[in-house]
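Structure first, commentary second.
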Amino acid sequence: MPLSSSLSIAASAELSAALDLGTARAPVNVRRAVSLASGTAAGKADKVFSDRRTIAASSSEDLDLVGVLLDAFGTAITFARIKGLIVSAAATNSNNVVVGAASGSPWAALLGATHTLTLRPGASFAVMAGAADAIGYAVTATTADLLKVANSGAGTSVSYDIVIIGASA
């Protein structure tokens, strides 16, 4: 199945100050985007996983990036490289969503084997490989293929959305 995908990250802000005879402005606009054709080389991806997930209070889950996650058509996905990742915590969560540091076989290419990223309610995290990057973030079957997602606290479950775009080779 061919896959076409695009990823983008953008930020804009404008700092202003009133002056005697006008207004000073310092605009900032940053946008990075990549479109990926279907395939496994630089600037290409052939696999996508997306889901809205819920984790019980004080619990976690390990997302196995090799052969366990299912695509939209129910086919098992094997990622060899991740080209883009988006994780968004639901705004209605009471607890935080914590990403990274699986206890065994952690996918360490992005955050390292022991580091985590905390997403407060309503927060999102996104990373994308550049179009010229053939590797992206490598996944190694059985030794470095688990992405841990955890609920930071007790009492209530958390929900999050996740999109993973990558290549099978």
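The values are calculated or read from the model by the stated rules, or taken from the named source; none is laboratory data. Everything numeric here is computed off the predicted structure, so don't read it as measured data. Reconstructed Cβ throughout: ideal geometry from the backbone, glycine too, with neighbour counts over all protein chains shown.
Overview of values
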item	result
Single residue of segment 81-98 satisfying the filter (surrounded by fewer than 23 Cβ atoms within 10 Å (Cβ to Cβ) and among the small types (G, A, S)) that is nearest to L146 (Cα to Cα)	S88
Residue match in segment 43-61 (condition: loosely packed, with under 13 Cβ neighbours inside 10 Å and closer than 27 Å to A11 by Cβ)	yes
Failed item, numbered, when S58 is tested on (1) among the hydroxyl-bearing types (S, T, Y); (2) more than 17 Å from D161 (Cα to Cα); (3) in a strand (DSSP E or B)	(3)
Residues that are closer than 20 Å to G67 by Cα and part of a strand (DSSP E or B), drawn from segment 33-43	S38
A150 touching a strand residue (DSSP E or B) at 6+ places or on another chain (Cβ under 7 Å) and closer than 28 Å to K44 by Cα	no
Count of residues meeting criterion [touching a residue at least 60 places away in the same chain (Cβ under 8 Å) and part of a strand (DSSP E or B)] in segment 78-98	11
Residues of segment 107-120 that turn out to be under 20 Å from R53 (Cα atoms) and either out of contact with any strand residue (DSSP E or B) (no Cβ under 6 Å at 6 or more places or on another chain) or among the acidic types (D, E) (or both), as a count	1
Residue that is modelled with the lowest pLDDT [pool: residues in segment 99-144 that are in contact with a Lys or Arg (Cβ under 8 Å, 6 or more places away or on another chain), outside any loop (DSSP other than H, G, I, E, B) and surrounded by 18 or more Cβ atoms within 10 Å (Cβ to Cβ)]	P106
Any hit, segment 118-130, residues being over 24 Å from S35 (Cβ atoms), among the hydrophobic types (A, V, I, L, M, F, W, C) and in contact (Cβ under 8 Å) with a residue 40 or more places away in the chain	yes
Hey, I86 modelled with pLDDT of 95 or more, among the hydrophobic types (A, V, I, L, M, F, W, C), in contact with a Lys or Arg (Cβ under 6 Å, 6 or more places away or on another chain) and under 18 Å from G136 (Cβ atoms) or not	no
Test: residue in segment 12-24 that is surrounded by 14 or more Cβ atoms within 10 Å (Cβ to Cβ), of a type in the set (A, V, I, L, M, F, W, C) and either farther than 30 Å from G155 by Cα or touching a strand residue (DSSP E or B) at 6+ places or on another chain (Cβ under 6 Å) (or both)	no
